[in-house]
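This report concerns only the one structure given below.
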Amino acid sequence: MRTVLTTVLLLMGIAVVAQSPRIDRKALVQRHTIHVRKADSLASLSLGNGQFAFTADITGLQSFPEHYKGGVPLGTQSEWGWHSFPNTNQYRFEETLRPYQLEGRTIPYPVQFKEPGRNREAVDYFRVNPHRLQLGNIGLEILKANGQPVTIDDISNIDQQLDMWKGLLTSKFTVEGNPVTVYTSAAVGFDGIAVLIESPLLQQKRLRLTMRFPYPNAQFKDAGVHYGQHDKHRSQLTAPAANPFYGKPVTIQRTLDTTNYYVQAIWQQPAAIQQSAAHQFVITPQRGNRFTATIAFAQRPAHSTLPAYASVAAGATASWLKFWSSGGAIDLAGSKDKRAPELERRIILSQYLTRLQCASNFPPQETGLTYNSWYGKPHLEMHWWHAVHFALWGRVELMEKSLDWYATVAEEAKAVARRQGFEGLRWQKMVDHAGNESPSSVGSFLIWQQPHFIYMAELSYREHKSNKVLEKYKDLVFATADFMASFPSLNDSTKKYNLGRGLIPAQECFDAVTTFNPTYELAYWHWALGVAQQWRQRLGLPRKAEWDRVMDNLAPLPQQKGVYLATESTPDCYTTERYLTDHPAVLGAYASIPASNHLDTVVMKSTFDLVWKSWKWDDTWGWDFPLTAMAATRLHLPEKAIDALFMPVRTNTYLINGHNFQDERLTIYLPGNGGLLSAIALMCAGSDANTTLNPGFPKDTWTVKWEGLRKMP
């Protein structure tokens, strides 16, 4: 008989594990409150709302951005903040195309030209532009008793805490014995922050709030500290700056070429604002030891005033309470394995980071809304790793926000397919929010992003079981499948359809022109086409003969000596060192998807064992460890699933702020965080084919209590 509590949970959409009491979610989250006690460039902390993120240093704001530029930079980014340098040389995207003769077709791909000249210049332009903007640095300017500005080395007694349950950052420190406390919250209804500062330094006029605006650096990575080229942009204070005044907003208009945006600020105590340098403004409180302000970033001038600090902080707390109280939760307390607290920490922090960095209306870039990697552009092959976990954790609406974006760029995807002589929609790889692809000698040849849309649409249907979902996504699902059926080439001798030549697998160390039939892509292709057929049948439509013809005659998964090969074109893939690096994508054929295309689990088990022993794990990426854990879970190897998540490799590092560290260039890597959450969902809730409870955890050493998770297909 249902208890009242169980009934309430079910009405909230929270699944209940049989005979398990409800998890104390507040205690679970708050036992992983982040504590920072020293200035560490890799320990910056972010606040945000999914569309906007603000990353702070030990002062709770962005007072020392140069110190953090080599670690996790102090970014201020939004989903709408984009900029392009003027195309003064009138480059055309067609100039990035190079024709390839592949399987009897001439197919143009946008690639990176090695030869100097206009083609290479065009490639460089379209890779850089558009790029995401660092909107500005909001920090503190603190003066010593002698009038000199403090450095980060002058900050003492650091005690900083990020309470993820409330979305509140509390930063305490001293300067020459004077205490400073800063409370920072990110807004919910707009893109901005609110701050409360308490310190006797305010009364002494030795503490001021600063706004500083960098210029895009046109580099792969933009840490938001390029303060040169003052003449290339404009920062204009458009509101009167009476002295003192408060209760009325001030507005700064930012102009960079054809890009405009606005920064609005309001405070509740007397203060004055003035421009202290090019693109830098200082707000000086006039009296008292307490100061509150709200600062917002927007594409257009605001027509209403901003809420005060207390309102913003309360809204942030309410939003995070709603998030943590819904969807999935996992409690590992009581486990004998000493790694359990760390895994639980990674799970909690990954939920927090992906909620504020990846729950946008667009696919996110791999470094979210913290700083630019690949010029701030999303990579669609990573969208699965950024977003699928939302659905598996009972928060499908957060996945659907970016899933809906595909409809807005379908015409661009259709144009790519048409240009290359294929049917349907060929989803781009490296894109901007308008769907414009970027030239790449690797990315242009990737195909494994293609089934992702079908996978995510299927998860949406599984959650809602509604014809509305089928009607909403059917055209894109069918057009995606049309491309997938038209891309393979019929081999006259085998009478089988090959994937390639003319592709680069998820394991990106293979040659595009000579590679064909990668194991993972073959399995994923077969599974996704099958799901597309199911969609037709759910809608009362006949199966599409062309899709069945390709599915039924798709090349078999290549194997040799009882193991699956990475690709059919590389039978030496396990004896050649350069093929044992990058993503062990061969395991993907039985990780995120069930057995498909006649996959033999015995052969896959042997493949897993060989990869585990022979792979150069130091040359992998953060999502490779969840990928391996998922394969281990499906193969009924729970010990290996746990070991994969804790493999002692640098790219499997999780920093104090929860970010998955890769290297000095990619100090954060959100596909690792999202992949971890997807793997954990499978390890707890299992898959359609595995109804065992907690199949990814050894039963004798792990105590796993969970609720609200969904099965993986």
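General observations
- Evaluation of Phe85 against (1) farther than 24 Å from Leu446 by Cβ; (2) at pLDDT below 95 (one fails), failing number: (2)
- Residue in region 616-627 that is within 29 Å of Asp337 (Cβ to Cβ), at pLDDT 95 or above and in contact with a strand residue (DSSP E or B) (Cβ under 8 Å, 6 or more places away or on another chain) present: yes
- For region 289-322, residues that are of a type in the set (A, V, I, L, M, F, W, C) and farther than 15 Å from Ala187 by Cβ total 2.
- Verdict on Lys166 being of a type in the set (D, E, K, R), free of Cβ contacts under 8 Å to residues at least 60 places away in the same chain and on the phi < 0 side of the Ramachandran plot: no
- Residue in region 73-86 that is over 23 Å from the mean Cα position of the chain (by Cα), buried (at least 19 other Cβ atoms within 10 Å of the Cβ) and more than 22 Å from Pro378 (Cβ to Cβ) present: no
- Annotation for region 473-487: no member residue is closer than 29 Å to Pro571 by Cβ, in a loop (DSSP other than H, G, I, E, B) and at pLDDT below 95.
- Residues (small (Gly, Ala, Ser) and either in a strand (DSSP E or B) or in contact (Cβ under 8 Å) with a residue 60 or more places away in the chain (or both)) located in region 675-707: Gly675, Ser678, Ala681, Ala685, Ser687, Ala689, Gly696
- Hits in region 94-105 - residues which are in contact (Cβ under 8 Å) with a residue 60 or more places away in the chain and either under 27 Å from the mean Cα position of the chain (by Cα) or over 21 Å from Met430 (Cβ atoms) (or both): Glu103, Gly104, Arg105
- Residue in region 110-131 that is aromatic (Phe, Trp, Tyr) and either more than 23 Å from the chain's Cα centre (by Cα) or within 30 Å of Asp40 (Cα to Cα) (or both) present: yes
- When region 586-605 is filtered for residues that are surrounded by fewer than 24 Cβ atoms within 10 Å (Cβ to Cβ) and not hydroxyl-bearing (Ser, Thr, Tyr), the ones remaining, listed by number, are Pro594, Ala595, Asn597, His598, Leu599, Asp600, Val602, Val603, Lys605.
- Strands (runs of 3 or more DSSP E) contained entirely in region 223-340, each with at least 3 residues that are surrounded by 17 or more Cβ atoms within 10 Å (Cβ to Cβ): 250-256, 259-267, 280-285, 290-298, 329-331
- Qualifying residue in region 437-447 (condition: buried (at least 22 other Cβ atoms within 10 Å of the Cβ), assigned to a strand (DSSP E or B) and among the charged types (D, E, K, R)): yes
- Given (1) closer than 19 Å to Leu403 by Cα; (2) in contact with a Lys or Arg (Cβ under 8 Å, 6 or more places away or on another chain), index of the condition Gly328 fails: (1)
- Flag if Glu94 is in contact with a strand residue (DSSP E or B) (Cβ under 9 Å, 6 or more places away or on another chain), farther than 28 Å from Gly139 by Cβ, modelled with pLDDT of 95 or more and surrounded by fewer than 22 Cβ atoms within 10 Å (Cβ to Cβ): yes
- For Ile158, the conditions (1) of a type outside the set (Phe, Trp, Tyr); (2) over 25 Å from the mean Cα position of the chain (by Cα); (3) not in a strand (DSSP E or B) are fulfilled apart from (3).
The values are calculated or read from the model by the stated rules, or taken from the named source; none is laboratory data. Being a predicted model, the structure only gives us computed values, none of them experimental. In this analysis, Cβ positions are derived from the backbone assuming ideal geometry, glycine residues included, and neighbour counts consider all displayed protein chains.
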